[in-house]
Every structure is written in C-alpha cells, then in structure tokens.
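Quick notes on the structure that follows.
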Amino acid sequence: MEEVLYEFPIETSIIIEKLFHRDWIIENFLLEDNQSFYSPVDIAYNNYEKNIKYTVYLDTNIYQFIINSFKKEVNQTTRDVVALIVFCQICNIQIEPQYAVYEKINYNKEQADEVIQDLNLFYKIDNSKTEELIAYATGKMDKYLLGNHMDIDIYSMKEKLTRYDRLKEWDSMYLIMLACVSFSIKNISNEEKLKRFVTWMIKDFRKSLVGYVYAIVYFKCPLKRMMKYKKKDHSKERKKSIVNMTWDLYIMNSFFRNWSDQKKQSEFVYASDDKAFRSLLRMAIDIQSNKSLEPLRKFVSQSNYNNITEIWNMEFPKDERVYGSKEWSREYRDKLIQQFERELLS
C-alpha cells in the first residue's frame, strides 16, 4: 500500500484547538463519529491526490475580525481568526470574502472606497507568510508582516460592486423575511403565526426551506438576538434590522444553492461568529440531509413536532398558487415587498 506523507507546522495542533473551541465552521460533510473537518491530513490528501478544491466563505463578523487583526490592537479573537487563516494556508483552502464585502457595500454604499481598501488589506493578510501568522495566532508576536498582493483598482471595483442593487435571490429572501416579521407581530398564537406564514409562502409566493426553518425556530423556540426588528425603533433602524436578518437568510439560501450546484471536485464550508445563524443553518442542513423534519424532534415537544410537520405538508390546488402562474413575475414580487414595507417601515 502506497504511503503519502504531508508535513505541517509543529503548532498545527494548537491552531486546530483554537478553531475547534471557536466552532466557527459550518459544513455539510458526511463525517463519521471519529472524524472532524479539522483534519489537515484528510484535506491535503483530498486536495493533492483527488484534486478536490476547498473554499471557506466568510460572514461579515469573521471578515471584520481578520481586518482588525492588522488594523486594531491584538486580542484573543484576532489571534483565533488568524489561526483560521493559518489552517487554510496549510490545507490549501481558498478564503472567499464575497458575501461579507457585498453586505458591507449594501449597508454603506457611500463608504465603498473604505470597503474596497479593506478588501485590499484582506488579500495582503491572506498572503502573509504562514510562520508570521502562526507567531501572531499563538501569542508569540503581537504584529505580523503583511504579504504582497497587487492592489485592486478602487474605481473599477466600486463600479462592479455597486452596479447592481441586489444579488440574485436577495429580494426574494428579503420578501420572505418581511413576511416572517409581519406575521410575528400579529396578536395571534405562535402556532397560528407559523401556519399563516407557511400558507402565505405556498399560496402567495414560494416554498423556502430556510424561510421555514427560520420561522419554526422563531415561532416555536426562538434563539437570543434572532429577531432584531422592534416596532418602537425609528423606521431607518427597523429597515436596517430587517436587512441584517435578510443577509442571514440569503447566506443560508446560498449555502443550499452552492450545495445543489456543487461540482464533483469541490467542497465548501462557511465560517460565522453568529451563534444563532450557525444553529439555524446546521438545523436546515440536518433537515436536508435527512430529507425530513426529523432533526427538529430534539428541539420541540412531540405535539409541536406534529403540528410543524402538518403545517409543512400542507397542500393547495395549483390554481390557488401564484408560483408558476401568469401572475408570477418580478413585478409581482416588488408589489408584495412594497405592501409589507408600508406595514412595517411606515
């Protein structure tokens, strides 16, 4: 039997321990009980012997931690996020910040120059020498030398990032979130809120697994800081809260799109510092992997589980559904968005 040897830095176990403790990584791999994503040997074998390429997508928090590791004073979080970069470097995993960058542009289009300057910095951090980053991550140094990377042209990148108001499917996720918030503030039972929300999705829009999981958790067993919308807030703050929640839903939806479109020679994971987001996405992954709502049993009572299953399995005649009909269009979706915005943001 042919043996393959890979050499890793002696600090690798320390790096892995940091990441394991942080629990930032969300993946859909079919791992055995004794297996873990944090296995450089397995990743290196798949990478070099099977030509499988790995990518880790960053949420806004992780991305900002990386930027702060060079711009701000050192702390445990910046050391640990640099450990993530080290792990990716020694495993030849590509780090992709696209969702974080688009979210920042979405919030601060007037600050596009600053966002792109930070993206330039990110690429230089990502290209820093592994030994420099290891010394920083393990506490041996409080600074590290930036690597070399050709600067992005700010003008052309700004034009590219701000050319479109929304990413593909962003408006659909925004509409689903608006509907979820709308039903959440009605003076009815949580069971009725969930039922009306799902009925709305099926009849007036379209089914969405991530939208349903979000609603189940919020209406049946809400997580801390999950619903950021508050009626007492100023309209601008209410809009910002809904947009913030929409990004969570959008990234969850993108995870499943990437999963279904995944090429044979590629694997991907997400890195997030948001505990509620990680719980939601992992729950949705379990449901998709099981092809049933069975994973929900450990979160809700038997009666609630039966109720949730019954609601999700609701069926309506085709002629009662807008999806796929002549009425189904971008203009129809925009009209629904405007209706919910008048209710929630006026």
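Structural remarks
- Yes/no for I105 being β-branched (V, I, T) and under 28 Å from N47 (Cα atoms): no
- The stretch 247-289 - residue that is of a type in the set (K, R) and in contact (Cβ under 8 Å) with a residue 40 or more places away in the chain and, of those, nearest to N51 (Cα to Cα): R257
- Residue selected from the stretch 275-317 under the condition aromatic (F, W, Y) and touching a helix residue (DSSP H, G or I) at 6+ places or on another chain (Cβ under 7 Å), by the criterion surrounded by the fewest Cβ atoms within 10 Å (Cβ to Cβ): F316
- Any hit, the stretch 220-233, residues being of a type in the set (D, E), part of a loop (DSSP other than H, G, I, E, B) and closer than 21 Å to N106 by Cα: yes
- Any hit, the stretch 120-142, residues being at pLDDT below 85 and closer than 30 Å to K239 by Cβ: no
Yes/no matrix, rows are residues, columns are (1) among the hydroxyl-bearing types (S, T, Y); (2) more than 30 Å from D319 (Cβ to Cβ); (3) within 27 Å of the chain's Cα centre (by Cα):
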{"position": "N148", "(1), (2), (3)": "no, yes, no"}
{"position": "W170", "(1), (2), (3)": "no, no, yes"}
{"position": "V181", "(1), (2), (3)": "no, no, yes"}
{"position": "E192", "(1), (2), (3)": "no, no, no"}
{"position": "M201", "(1), (2), (3)": "no, no, yes"}
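Residues checked against (1) within 18 Å of I25 (Cα to Cα); (2) aromatic (F, W, Y); (3) outside the structural domain of Y305 (by TED's automatic domain parsing):
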| residue | (1), (2), (3) |
| --- | --- |
| Y174 | no, yes, no |
| V181 | no, no, no |
| R196 | no, no, no |
| Y214 | no, yes, no |
| S235 | no, no, no |
| V243 | no, no, no |
| V269 | yes, no, yes |
| A284 | yes, no, no |
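- Output for the stretch 52-65, where each listed residue is part of a helix (DSSP H, G or I), crowded, with 23+ Cβ neighbours inside 10 Å and not aromatic (F, W, Y): I62
- Selection of the stretch 318-346 for residues being among the acidic types (D, E) and either touching a helix residue (DSSP H, G or I) at 6+ places or on another chain (Cβ under 9 Å) or not in a helix (DSSP H, G or I) (or both) yields E320, E327, D334, E341, E343.
- Checking the stated criteria, E315 turns out to be modelled with pLDDT under 90, acidic (D, E) and in a loop (DSSP other than H, G, I, E, B).
- Pick from the stretch 258-279, criterion in a helix (DSSP H, G or I) and closer than 27 Å to E341 by Cα, ranking: nearest to the chain's Cα centre (by Cα): F277
- Every residue from the stretch 176-220 that is closer than 16 Å to N307 by Cα and small (G, A, S): S189, A215
- Residue selected from the stretch 219-246 under the condition more than 18 Å from the chain's Cα centre (by Cα) and without any contact (Cβ under 8 Å) to a residue 24 or more places away in the chain, by the criterion nearest to R278 (Cα to Cα): P222
- Meets criteria (farther than 18 Å from P222 by Cα and basic (K, R)) for R330: yes
- Test for Y305: is it assigned to a loop (DSSP other than H, G, I, E, B), among the hydroxyl-bearing types (S, T, Y) and out of contact with any strand residue (DSSP E or B) (no Cβ under 9 Å at 6 or more places or on another chain): no
- Members of the stretch 32-51 that are surrounded by 12 or more Cβ atoms within 10 Å (Cβ to Cβ), modelled with pLDDT of 85 or more and part of a loop (DSSP other than H, G, I, E, B): Y38, S39
- Only listed residue being outside any loop (DSSP other than H, G, I, E, B), more than 21 Å from the chain's Cα centre (by Cα) and not small (G, A, S), chosen from D113, D80: D113
- For the stretch 219-233, a residue qualifies if it is buried (at least 16 other Cβ atoms within 10 Å of the Cβ) and of a type in the set (A, V, I, L, M), and the qualifying residues are M226, M227.
The values are calculated or read from the model by the stated rules, or taken from the named source; none is laboratory data. Computed from a predicted structure; not experimentally measured. All Cβ positions, even for glycine, are placed from backbone atoms using ideal geometry, and neighbour counts span all protein chains on display.
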